[in-house]
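Every read-out reported here was derived from the displayed coordinates using simple, explicitly stated rules and does not represent laboratory data. All values reported here derive from a predicted model rather than from experimental measurement.
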Amino acid sequence: MPTKFEKSAWHGSPALLAGRCDVNAYPMEARRKSKNGQVLPSLCSAAPAYLKTKAERLLKLCEDGAVFLIFDGSAFTGECY
């Protein structure tokens, strides 16, 4: 039986980085915008809403028992306007 951490980390992880996660699992304020202000179907890794959500999810993983976090992937998610 997987632990809470294993469930979170390997089965639909909420802690995936911006380029590899479900855009719909984040607030609209975390999405990228075009130069014209059009909301795009991808995340802005510099948006305060993205960073807040990501930090909350990582803290929750630690509260649930994670003692080691590895960060893989630093792909540029594109310009955020």
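Mind listing the long-range amide H neighbours of residue 32? Cut-off is under 5 Å, sequence gap 5 or more, other chains count too, H placed in the peptide plane at 1.01 Å from N.
Correct list: 40, 42, 43, 44.
By a straight-distance test (C-alpha under 15 Å), which aspartates and glutamates pair with residue 52 as possible cross-link partners, with residues fewer than eight away in the same chain excluded?
Here the aspartates and glutamates satisfying the reach criterion relative to residue 52 are 29.
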